Amino acid sequence: MDQTQQKALNALEPYILLSKSANSPRAAADLVTQATSAPNTFVFAELLQTPNIQALQTASKDYAHYLTLLQIFAWGTWSDYTETPNLPKLSNVQEQKLRQLTLLSLSTSPSTLTYAHLLSELSLPTTRALEDLVISSIYAGLLAAKLDTLSQRVDVSSVAPLRDLKPGSVPRMVSVLEDWDSRCVSVLGEIEGQIREIRRKAQAQKKREVEHEKAVAKKMGDNEDGKGGKLGKRGGGEEAEEMDIDEGGRRLRGAKRGGGGNFLGGLGRKFGGGN
């Protein structure tokens, strides 16, 4: 549980206990005033559910309005208070708290956080009053935000979970979450499709590289085989020439080399014949 939320629940606990003895409408109404004025009380759902507070529904109008007021502090806004007639007048402390709670509700949408819109929704007279409210909310741990005075807007980065759920709001929240879930599934499907396409292209590229390497290796092998065959043919011709010369020094198959040897051999035969 968020620390600020736990602190708010702890602050409300004494008033929940006091509600058990608030048996009259006046006592219950006074308890509502005390709870909404106390420091650090920002959640009120548990107090609303107590029997003596719920009994204000059937009380006279003067006291029944206190139940409406507590409901506004639980999940309503400053506009709800100003637009609902005959509600009890708020003290300065209650006004400050209700404006802070309204700021939390408005912070769920960035488009509502311009100075102009906030001044209107919170019924604040000046920009300085708005900035003081935001700063007090930050120091109270209600939200994390920065004042962009140049752009005249409040940049909220996080909000404490302090607003109670209005009755009947759960189905709408479920619908919003289901819509968000369907969008997440759709985006995830697109990402998975892109991953499959990237892998397919990578495999095809790898296959082309392997085939290219095989083709290069085969080409290099064919070239080596061709060089070896030519060398073998030249070597055989030289051996044949040498064999022709070795056989008695005579040129048996018309070799050009060794012509001088045949001439000397002829002279030798002539001299031999003369002896």
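The values are calculated or read from the model by the stated rules, or taken from the named source; none is laboratory data. The structure presented is a predicted model; accordingly, all values stated were derived computationally and were not measured. Cβ: placed from backbone, ideal geometry, glycine included. Neighbour counts: every protein chain shown. The accessibility values were calculated without ligands, DNA or RNA, using every heavy atom of the protein model including side chains. Shrake-Rupley method; radii C 1.70, N 1.55, O 1.52, S 1.80 Å.
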Step by step: first the residues of the stretch 64-95, then only those that are assigned to a loop (DSSP other than H, G, I, E, B) and of a type outside the set (Val, Ile, Thr), then the one that is farthest from TYR15 (Cα to Cα). Which residue is that?
PRO85
Exactly one of these conditions fails for LEU118: (1) within 30 Å of LEU47 (Cα to Cα); (2) modelled with pLDDT under 95. Give me its number.
(2)
Scan the stretch 1-54 for residues that are of a type in the set (Lys, Arg) and free of Cβ contacts under 8 Å to residues at least 40 places away in the same chain and jot them down.
LYS20, ARG26
If a residue has to be under 39 Å from the mean Cα position of the chain (by Cα) and of a type in the set (Lys, Arg) to count, how many in the stretch 58-98 make the cut?
1
Picked from the stretch 137-191 (must be within 18 Å of the chain's Cα centre (by Cα) and under 24 Å from THR102 (Cα atoms)), the residue least open to solvent (accessible area, probe 1.4 Å) is SER158
Would it be correct to say that LEU98 is farther than 27 Å from LEU31 by Cβ and either assigned to a helix (DSSP H, G or I) or touching a Pro at 6+ places or on another chain (Cβ under 9 Å) (or both)?
no
Please go through the stretch 78-111 and give me each residue that is without any contact (Cβ under 8 Å) to a residue 40 or more places away in the chain, under 21 Å from SER151 (Cβ atoms) and exposed (fewer than 15 other Cβ atoms within 10 Å of the Cβ), ordered by number.
SER109, SER111
Restricting attention to the stretch 22-63, and to residues there that are of a type in the set (Val, Ile, Thr) and part of a helix (DSSP H, G or I), which single residue is farthest from ASN92 (Cα to Cα)?
THR58
Just give me the residues in the stretch 101-121 being over 30 Å from LEU56 (Cα atoms), part of a helix (DSSP H, G or I) and among the hydrophobic types (A, V, I, L, M, F, W, C), in sequence order.
ALA116, LEU118, LEU119
Out of the stretch 116-132, which residues are surrounded by fewer than 19 Cβ atoms within 10 Å (Cβ to Cβ) and either of a type in the set (D, E, K, R) or more than 24 Å from THR68 (Cβ to Cβ) (or both)?
ALA116, HIS117, LEU119, GLU121, PRO125, THR126, THR127, ARG128, ALA129, GLU131, ASP132
